[in-house]
1. Counting just the residues of segment 52-70 that are surrounded by fewer than 21 Cβ atoms within 10 Å (Cβ to Cβ) and in a helix (DSSP H, G or I), which one comes out nearest to the ligand (Cβ to nearest atom)?
2. May I ask you to list the residues in segment 71-96 that are part of a strand (DSSP E or B) and in contact with a helix residue (DSSP H, G or I) (Cβ under 7 Å, 6 or more places away or on another chain)?
3. Tell me the residue from 165, 132 that is surrounded by 22 or more Cβ atoms within 10 Å (Cβ to Cβ) and in contact with a helix residue (DSSP H, G or I) (Cβ under 7 Å, 6 or more places away or on another chain), please.
4. As an exercise: evaluate residue 165 against (1) modelled with pLDDT under 90; (2) in a loop (DSSP other than H, G, I, E, B) and give the number of the one condition it does not meet.
5. Keeping to segment 97-156, report how many residues are within 14 Å of the ligand (Cβ to nearest atom) and assigned to a strand (DSSP E or B).
6. I need the full set of residues from segment 157-169 which are within 20 Å of residue 218 (Cβ to Cβ) and near the ligand (Cβ under 9 Å from one of its atoms), in order please.
7. For a quick check of your reading: which strands (runs of 3 or more DSSP E) sit entirely within segment 170-241 and have at least 2 residues that are more than 13 Å from the ligand (Cβ to nearest atom) and more than 16 Å from the chain's Cα centre (by Cα)?
8. Kindly indicate whether residue 79 is modelled with pLDDT under 85 and either crowded, with 17+ Cβ neighbours inside 10 Å or over 17 Å from residue 229 (Cβ atoms) (or both).
Ligand SMILES: C[S@@+](CC[C@H](N)C(=O)[O-])C[C@H]1O[C@@H](n2cnc3c(N)ncnc32)[C@H](O)[C@@H]1O
């Protein structure tokens with residue numbers, strides 16, 4: 001997957017979040033209550049998905065015979081809106097660029113959440129479709145249509161698993177990830193908040209060199225192992241150095 005990553009080499013250092021040197025970095029207050037409640041919606045982090053679309057669109061197959069693996073994790077995936085949106089965007093972009101699923105790219109999107117009820121709901125929605133009523137947030141009818149119209153293919157590529165993201169070593173396949181989405185997870189998962197450091201260290205040591213991490217959580221901020229890029233007012237992209 002080295003081919004898709006070069007775009008992020010253009011990361012602008014001026015895009016860094018405000019300087020917090022000398023201050024213990026705490027996960028940002030997202031305004032969400034501390035609970036296992038799944039607050040999410042389809043196509044929620046548009047700037048992340050726009051950038052992700054660019055990565056997928058830049059895939060060049062190196063060799064005529066073998067498909068490329070594109071492994072994407074959605075950590076703390078709640079009721080499936082995030083992995084479904086990721087898969088829909090990837091499939092749409094692959095379609096536009098004539099990149100064939102399986103023949104050219106083996107796309108796998110793995111959603112992981114600790115809450116069994118959310119996992120069950122996620123599986124059900126990915127099989128049967130999302131409705132506006134399902135999502136807390138603002139999924140427009142266009143967002144619903146964009147995802148629901150691709151459910152057949154989405155089902156081929158998305159897998160939802162129960163798992164604990166504070167134990168990344170137990171998440172099978174995470175070290176093969178090319179792209180990781182980690183959104184709105186900090187206050188839910190990492191208690192006490194400095195637990196996230198173990199998680200960041202694990203990713204720094206174990207994920208592939210070209211892995212890209214999209215997140216709303218400033219876990220990786222100022223970590224010398226990662227280059228960062230500010231995508232919009234609340235989301236960042238990190239790439240291993
Ligand atoms: C606000 S939702 C985030 C949904 C999605 N990532 C998004 O931004 O749209 C937070 C999710 O984190 C999950 N969660 C909390 N602690 C976790 C843990 N240790 N491992 C995996 N998931 C966890 C909750 O079950 C909940 O579904």
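The values are calculated or read from the model by the stated rules, or taken from the named source; none is laboratory data. Since this is a predicted model, take the numbers as computed values, not measurements. A quick note on method: Cβ atoms are made from the backbone with ideal geometry, for glycine too, and the neighbour counts reach across all protein chains shown.
1. Filtering segment 52-70 for residues that are surrounded by fewer than 21 Cβ atoms within 10 Å (Cβ to Cβ) and in a helix (DSSP H, G or I), the one nearest to the ligand (Cβ to nearest atom) comes out as 53.
2. Kept after step one, since they are part of a strand (DSSP E or B), are these residues of segment 71-96: 71-75.
Across segment 71-96, the qualifying residues are 71, 72, 73, 74.
3. Numbers: 132 fails: surrounded by 22 or more Cβ atoms within 10 Å (Cβ to Cβ).
Unique residue meeting the criteria: 165.
4. All conditions are met except number (1).
5. So the count comes out to 5.
6. 165, 166
7. Values: elements: 179-182, 212-215, 226-230, 236-240.
Per the criteria, 226-230.
8. Numbers: modelled with pLDDT under 85: no; either crowded, with 17+ Cβ neighbours inside 10 Å or over 17 Å from residue 229 (Cβ atoms) (or both): yes.
No, not satisfied.
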